[in-house]
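See structure below.
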Amino acid sequence: MEIGGSFYDRKAYSTCYMCACRCGIEVYVRNNKVTYIKGNDLHPTNRGVLCAKGSSGIMKEYSPARLKKPLLRIGPRGSGEFKEIEWEEALEIAASWIEEARKKGPHKIAFFTGRDQMQQINSWFSSQLGTVNWAAHGGFCSVNIAAAGLYSIGGSFWEFGEADFENTKYFMLIGVAEDHSSNPFKLGIQEMKRKGGKFVVVNPVRWGYGAVADEWVAIKPGTDGAFFMGLMHVLFKYNLVNWEFLKEYTNAPWLVIKAPSTPKDGLFYKDSEGRAQVFDKKSGTFRPADRIVPDELDPAFIGEFETPEGYRVRPAFDIFAERLVREYSPEQVSKITGIDAKDIERIAKEIGTIALYHPTILPIEWTDVWGRKHKHTIGRPVSFHMMRGVGSHTNGFQSSRTVFLLMMMLGIVDVPGGFLNKPPYPKHIEDLPKPYVIKTQDQIKYGEAYPGPHLGYVQTPDDLLVDDRGRPIRIDHAYSWWFPMAAHGCIQNVIPAAYQKDPYPIEVLMIYMANMAWNSSQNIPYILEALTATDQAGNYIIPKIITIDAFYSEQVAYSDLVFPDATYLEQWFALSLLDRPPSAVDGPVDAIRHPIVDPKANGYDVKGWGDVMVELGYRLKLPAFLNEDGSRKYKDFKDFLINWQIRPGVGALAGWRGKNGEKHFVGEPNPNQLEMYLKNRGFFYYKLPENMRYYRQANKDYQEWASGVGFIKKVAPMIFNFYLEPLQKFRLAGLGLWEGKNQPPNDPILRERLIKYFDPLPFWYPPFEEEVSGKDYPLYAFTQRPQWMYHSWDSQNVWLRQISTRNYLYMNPKTAKELGIEHLDWVIVESRTGKVKCQVFLTNTTEPNSVWTWNAIGKMKGTWGLKPEAQEGSLGFLLNHVVPHSIKLGTKEVFYGDPITGHLAWFDTKVKVYKAQDQTPETWPQFEVKPLEHIKESWTELLRYKP
Amino acid sequence: MQLALVIDLNTCVGCHACATNCKEWNTQASFGPLSDFDPYGKEPQGVWYNRIMTYEVGEFPHTQVFHLPKSCLHCQDAPCVPVCPTGASYKREQDGIVLVNYDDCIGCKLCSWSCPYGCREFDEADKVMKKCTLCIDRIYDESLPPEHRKPACVLTCPAKARFFGDIEDPNSEVYQMIKRRNGFVLFSDMGTNPANHYLPRTETDIKLDEHILEHENPLFLEVMRRHHVGG
Amino acid sequence: MHPPFSLIWFFITAGISIGLFNFVYFLELLSLFGKNTALPRQAVLISLVTSLVLIALGAIGASFHLGHKLRAWKAIKRFHTSWLSREAVFSGTYGFLLFLYALSYYSNQSLFLQHLLGILTLINGWLSSFSTAMIYASNKFVPEWNSSLTVLYYLNMYLMLGAPATGVLTTIFYPQLSGEFFFLTALFLSLGFFFRLFFNIRQFTIPHPTLNEALNLPHNRPMRVIDTGSTTNNYCTTEFYYQRGKELLSTAVPLSYIITFLIPTFLTFYALISSRHELIFIAPILGFTVAGSFLERWCFFVEGNHVQNLYYGIYPPQGYSLRKGYTEPKKTVIRY
């Protein structure tokens, strides 16, 4: 034994990519092999710590599932029969397929990207191809949370913002399926707990984080919205409302016109200059809800008034208050959620009292946009965080909105101890980007670039991407009448839509880092049918599938051409402020990855997607990839990262711009920028001065700085949408009262949908599945990912898979007893669309209306570098098989999703569970593909890693 | 001196970070590699120094859950030491770390039989018993910066639930924590006197001062009245 | 506990070797006092060779339990603390002395030398078997083993194997003494039966620890394992637990009683009562006892429940105990 033998000959700083948290890492290398990965001590995201995934990065680097060369399919699609080809051939094939499709119409190319951390660049690349059909994975991920947040407060959770763990005294974690996010949350929760704060978990399951919760609110799935309405009822009842905050920062006091059956109904009452009005109690008059002199106003929140023009008007809050009082008393909410009315009342009183009567007062002076100087910064130490448990339901958008309204009522948005935005957020809601509108699918011609953003936040029906008959323009039906506010697109609809040729057939489907043939889609048997279906001539209905991935996934197995991606330790990469940066609440952060290990030396003939993109762009002669003389503009992706600018002075990375690296955020490209990042341990962190860290919705100093660096467009108060007027415009459209250009098709079901769900004030309604599945399928079935695999795709990871080679269906013992099911019985889980056989594990950590399992542990046999007999394929199962991907509304089959954003409502699934007749310990259904030859060769009986 | 870990169950969320980082460090360092058998097959089975178990307590809805990271507890009266026939399993005088000298280990497994905690794992490839070393190859490595001279699990723990130090030194953080937070040991009545301690769960409860709550918000009553709610 | 075949093999081979030597040498010793008990030279030589071969086979077999056979010599290093070390030393010395004794007997050395070696061999044999027994009996973490019954049974087992083995020899070479060995066989079989019975009965009475105790957590409510950190087996779940064995135990234990005790005892008593001290009885008695002991030792392992299994939820369910001093989790109350 020797102590202190050097474990590295090289040390490099980079950014982790084992999940989506973007932690800083120190990578130690010996003999060109990674020996150890440690958290980067100075990185604001993880401050030196590293989770189970990050620490297992080595086993991903050397996974047998890794692809070694480009693959061209030779057997039938889904057989797993490929031949390895050279890069030159692969690039030529891809270029010819894309070129051919572009000539038929750029929209014939659909490029969808999954766990993608370069969305801005991929969107831009798709624009260069001319296609309207690009989106990332938000549609099945968290678009409801993001959209509800951005539409409500100009920011949201996760990469947009998080709790002020340093100062909060009460933290409520709602519907957070384990580990979203990973290290920052663990650091934060322990910090607030050590200071004696109370940690409440609202979740049907008590597991990971739930273990350290001071209170577990075992809520019935899909009822979160009702719970929060109940909390707000109690807050209002006991006057635990931050009226000051509502008045200054929200449109809660704005007057809403009550004029049923007219085009003005439900819109804000505005004066001739277009300024929204409030009823000022002081003067007894209608006054512009003008933020310039808020102190002079004493707006009414309750009441009904008549305007000089004769409109009946009510403050938005008044309408909401009526709803709270009528429908959401703790007793009423208790019936919906299964939570005791007393607990609802108590929790509301706790958060209300702490927020209002026990403020955190920081001795920080700041100035608001109205010029008022504040001697102190007043904090409200109550905070929330929510994720898919709330979002992934057909009531997810409105349920998420309830949380943002609650945050407004408590006044905890961007205040110490409350919720804090991460720059570049917050943004003025009215300035959020809108998707570029085209009116026909083939409006963009061959050779033209798509002129604007693919994704964004529509404000009126006229912003939709629909043709003159109201049909979707996009293949994923995003921004159609069925999913109007699909802020992140609807990746989950692409394969079924392409299969159904609805709205049109496509030529080339490109998938980057998403497992759309397996755990990222629902109703897998149908998806596999879609991927393999042929027309009468024997041609595939989805003619060409190109996948970019580093591993032999199910999606790869169902592709025609595969570009083997490099791993996160092998390629240049920017974690850009244009995209989803690793920003901290007290300042923007961006970061890089760079090649630490040479893949070629380890036998992998792979290229990072960035390099492939630059190469393809050049081969396709896309103008943005060419100099004016037609010569090649970017040598490779590294060169691209340095020199590419989305607008003058703004590129992929914000740090050390300008010729010599003397400028930050805006400045001309710096040829040595990446080296400067490396020198600074791989990231750029601009810590804001204290007076710019809070109340950024109206913080003058912050806004002046932020508009200077291009985060926001003006210095002006950001008015939070307590009342989300754009929804009312869709509702008016449903009623036939919208006076704009776009009118919904005359489909009564669609129109009713617009009228019913596009309520500008949040409300709770049962998830759609409740109506279709009802009592026949009494249990909610859902999935979460364990902390050691969250957001990673690591069933092939030798270390992580040892923790869970298979999964169980978790069920409450009481439920099991009623169903005659015993611990470890094999059962059938049946939904209205399918069945799965799996093994039951009884646990009191699960509320009785729910069954659940870990997602994505079940694998298709032959994939992911696992031997065919691996438990992932025989004992592990995928619940996605029984998750409906569509729902019949009247006579029309509609993709299953939130009616507002299209967010795939995978947590809606209702099932019945019964003991399987055949108790053979094996899951059903099982699917199989052939493993690649080189994968088979790398199956070793014994792994001993010590480079 | 008795070096040890103190693990705070009040913040441990059972994420397995300590386990995988331990594996990562130790497979490449002085005591590695740590074998993984059938890594891509049906029954992958590897050698780990540290494992995390999860337990539930009580019945729904009063269920509690806790995670228990378990590695060698470096017992003060380590039962695994005297049973070793060769002296390969030994407890260091200077710092109390229990180690296995691979060169002397004959692989009889008796030490593992004599551990009530199941904290030793036999490496079938090396044919020797392996266990947590408290990262002795980190904590005394002077080429590391001083703040990194801690066990890998402690440095990596995202919940900051792991502390390392001398539990016999009244001035140490770990000593203070054990005293202040009622630190406890596993299987206290087995006569092993473990050095690693756990800090128990505590629950924060909030007592509200009811009379600061204005009982009936006049606006609430107004809304009720206007809309004829509640009779 | 997972039954290691190499160790069971050692129990039986060492048992017969030492047991046989014990009786054969005892007869030699008695002859010093003028009794005509010494076996014919040929029989003694056969017995010595048998004992030597068996202890050698036992040692070779046991070495398969070791990861590093070549380092086995290092096992002498912890003589002062380790029963395994003592076992190694004593069994090794026993084998060596046995060889010397056999040599001295074969070459007709002086009686003094012969008996000096003989007595030393005998003592070492017993110390070896005692050490072996203590390895198991001293293990506090397998409560089923942690009892003097383990030692008593084990020492008796050596005699129980040695008596019929010597019986076979006497029946062939010295029939006058065979009756005594039928008697001794009956005696040690009966003792073995009772020790084993008590060993089994004791299992119902020993206080098994609970998961609450293992975790020493301040809860007085039921606890269950919901995740062991790996869905496949690991060293701890295979070494300390043998699922298949546990399933077979309800068959294996009665069967081991029948083969080890019932049949041989019946045959012994039948032979004694009918005064037919013949090979056709004593040979099967020996055979059954040996075969039964293999099964009995297998059961001994499988019956042992290591307390570490509590952490994995594979310890026999004990419910949970309401222990004094256990309280609900401490609450930090914050007043607002």
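Values in this text are rule-based calculations from the coordinates and carry no lab data. Keep in mind the model is a prediction, meaning the values are calculated, not measured. All Cβ positions, even for glycine, are placed from backbone atoms using ideal geometry, and neighbour counts span all protein chains on display.
On the principal axes of its alpha carbon atoms, segment A:293-336 extends 43, 28, 10 Å, with the longest extent given first. Excluding same-chain neighbours fewer than eight residues apart, the aspartates and glutamates reachable from A:K349 by a Cα-Cα span under 17 Å are A:D214, A:E215, A:E331, A:D340, B:D205, B:D209, B:E210, B:E214, B:E216. Here the Debye sum runs over all C-alpha atoms of segment A:633-750 as equal scatterers in vacuum, and log10 of I(q)/I(0) at q = 0.14, 0.22, 0.23 Å⁻¹ comes out as -0.76, -1.17, -1.23. A simple rule links phi to the HN-Hα coupling: the Karplus curve 6.51 cos²θ - 1.76 cosθ + 1.60 with θ = phi - 60°, which for segment A:274-279 gives x, 8, 5, 10, 10, 9 Hz, with x for Gly and Pro.
Taking Cα atoms only, the orientation of helix A:119-129 departs from the longest principal axis of chain A by about 70 degrees.
Taking 26 Å as the cut-off for C-alpha to C-alpha distance, list the pairs among A:K68/A:K186; A:K607/B:K23; A:K282/A:K373; A:K247/A:K741; A:K946/B:K109 that go past it.
Working: A:K68/A:K186 36 Å; A:K607/B:K23 29 Å; A:K282/A:K373 24 Å; A:K247/A:K741 34 Å; A:K946/B:K109 24 Å.
Those over the limit are A:K68/A:K186; A:K607/B:K23; A:K247/A:K741.
Candidate cross-link partners of B:K130 among the aspartates and glutamates, defined by an alpha-carbon separation under 17 Å and a same-chain spacing of 8 or more, comprise A:E2, B:E24, B:D36, B:D103, B:D104, B:E121, C:E239. Label point of C:L29 set 7 angstrom out along Cα-Cβ; within segment C:70-114, no amide nitrogen lies under 13 Å from it. Projecting the Cα atoms of A:P416, A:V325, A:P308 onto the charge dipole of segment A:284-421, computed from C-beta unit charges around the Cα centre, puts A:P416 farthest toward the positive end.
Could you work out the mean count of beta carbons from other protein chains within 10 Å of each residue's beta carbon in C:76-85? Intermediate values should be presented prior to the final figure.
Values: counts 2, 6, 11, 1, 1, 6, 12, 4, 10, 8.
Mean number of neighbouring Cβ atoms from other chains: 6.
Using the average count of surrounding beta-carbon atoms within 10 Å as a protection proxy, the listed peptides A:346-358, A:308-320 rank, highest first, as A:346-358, A:308-320.
Which of the helices in chain C, when you take each full DSSP H run, stretch at least 30 Å along the axis at their Cα atoms and have an average Kyte-Doolittle score of 0.5 or higher? If you can, show how the numbers build up before the last one.
On the way: long enough: C:5-32 (40 Å, 1.80); C:41-63 (33 Å, 1.76); C:83-106 (33 Å, 0.72); C:111-137 (38 Å, 1.27); C:148-173 (37 Å, 1.25); C:178-205 (40 Å, 1.07); C:279-303 (34 Å, 1.48).
In chain C, the long hydrophobic H runs are C:5-32, C:41-63, C:83-106, C:111-137, C:148-173, C:178-205, C:279-303.
For segment A:4-80 versus segment C:87-102, the spacing of their alpha-carbon centroids is 57 Å.
Per-residue shielding of A:930-939, expressed as the average number of other chain Cβ atoms within 10 Å of the residue Cβ, stands at 1. Taking a sphere under 11 Å around the Cβ of A:E847 and counting the other residues whose Cβ falls inside, with K and R at +1 and D and E at -1, yields a net charge of +3. When the Gaussian network model of chain B links Cα atoms closer than 10 Å, the mean-square fluctuations of B:S172, B:S89, B:S143 top out at B:S143. Averaged over the residues of peptide B:100-106, the number of Cβ atoms from other protein chains lying within 10 Å of each residue's Cβ is 5.
Mind pulling the per residue volume of the convex hull built on the Cα atoms of chain A? Å³ is fine. Walk me through the numbers on the way to the answer.
Working: hull volume 159.5 nm³, N = 947.
Cα-based convex hull of chain A, divided per residue, equals 168 Å³.
Taking 28 Å as the straight-line reach from the Cα of A:K104, the lysines in range (excluding those fewer than 8 positions away in the same chain) are A:K434, A:K439, A:K445, A:K501, A:K544, A:K621, A:K633. Comparing B:M177, B:M129, B:M53 in a Gaussian network model of chain B (Cα springs below 10 Å), the most mobile by mean-square fluctuation is B:M53.
Reducing segment A:735-764 and segment B:1-39 to their Cα centroids gives an inter-centroid distance of 56 Å. Charge tally around C:I76: other residues with Cβ under 14 Å, Lys/Arg +1 each, Asp/Glu -1 each, net +3.
Between 0 and 90 degrees, rounded to the nearest ten: what's the tilt of helix A:725-734 against the longest Cα principal axis of chain A? For A:725-734 against chain A, the angle is about 80 degrees. Pairs over the 29 Å Cα-Cα cut-off, from the set A:K837/B:K160; A:K375/A:K687; A:K103/A:K930: A:K837/B:K160; A:K103/A:K930.
The alpha-carbon atoms of segment C:2-63, seen along their principal axes, cover 49, 19, 11 angstrom, with the largest extent given first.
Hey, how much of the P(r) for segment A:274-413 falls beyond 20 Å, as a percent of Cα pairs?
Details: 6310 of 9730 pairs.
In whole percent, the share of Cα-Cα pairs in segment A:274-413 beyond 20 Å is 65.
Across segment B:78-211, counting alpha-carbon atoms alone, Rg and Dmax equal 18.4, 72 Å. Counting charges near A:L779 (Lys, Arg +1; Asp, Glu -1) among other residues having Cβ under 9 Å from its Cβ returns a value of +2. Kirkwood hydrodynamic radius, segment A:609-668, all distinct C-alpha pairs: what's the number in Å? About 12.1 Å, per the Kirkwood formula over Cα pairs. Computed on segment A:881-947, the Cα convex hull volume stands at 273 Å³ per residue.
Just to verify a number: FRET efficiency for C:I123 and C:E247, C-beta to C-beta distance, R0 = 56 Å, to 0.05?
Values: r = 42 Å, r/R0 = 0.76.
Taking R0 as 56 Å, the efficiency between C:I123 and C:E247 is 0.85.
What separates the Cα centres of segment A:693-729 and segment A:419-437 is a distance of 8 Å.
Shape descriptor for chain C: Rg over Rh equals 1.08 (Cα atoms; Rh from the Kirkwood inverse mean 1/r). Within the listed set B:F163, B:F37, B:F220, the Gaussian network model of chain B (springs between alpha-carbon atoms below 10 Å) gives the highest mean-square fluctuation for B:F220. Would you mind classifying chain B by shape? Square roots of the alpha carbon gyration tensor eigenvalues, ordered a ≥ b ≥ c; an a/c under 1.5 is rounded, otherwise it is prolate if a/b is larger than b/c and oblate if not. Verdict is prolate for chain B. Among the listed pairs A:K108/A:K713; A:K38/B:K70; B:K91/B:K150, a Cα-Cα separation exceeding 26 Å is found for A:K108/A:K713.
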